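Remarks on the structure that follows.
Computed from the coordinates by the stated procedures, all read-outs in this text should not be read as laboratory data. As the structure is a prediction and not an experimental result, all values here were calculated from the model. Positions of Cβ are generated from backbone atoms using ideal geometry, with glycine treated the same way; all protein chains shown enter the neighbour counts.
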Amino acid sequence: MGRRTLLEANDHFPNILSMSEIKGRLIERKEILYLLQEETRNMNDLLSIPYLFVITDTDGAVIDYCGTDLLKGYFERNNIKKGTSFAMKTAGVNAISLSMEN
């Protein structure tokens, strides 16, 4: 059997913010983003399993992510990057869109 990809970025993640929109959202949230980056910086020493922390804004757009190279590489191979929307209306049902509903 051929290798199967769970997500096809072009089909499931069509909504990616422009760089100016991303920069604006980063500036608005720079304090909380700094705190989250500090907290997650040393996770490699604490976790023995692959992990990925995705930080989104209230609209479900990725503003940053960190994790093991394996999972960061998955994002990059599937064109998921800062500004990608995980909102229900653009990406369907996923962990981020479900947490937005709650």
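Here is how the numbers come out for the structure above:
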| quantity | calculated |
| --- | --- |
| Along each principal axis, Cα extent of the chain, largest first, Å | 45, 34, 28 |
| Net lengthening on full extension, Glu38/Asn79 (0.36 nm per residue, minus Cα-Cα) | 12.2 nm |
| Unit charges on C-beta of K, R, D, E only; dipole of the chain, Debye | 300 debye |
| Segments 78-87, 19-28 sorted - mean Cβ within 10 Å per residue, highest first | 78-87, 19-28 |
| Which of Glu76, Glu101 has the fewest Cβ neighbours within 10 Å, and the rest in rising order | Glu101, Glu76 |
| Unit charges at the beta carbon, dipole of the stretch 15-101: most positive-side option, Leu36, Leu70, Ile55 | Leu70 |
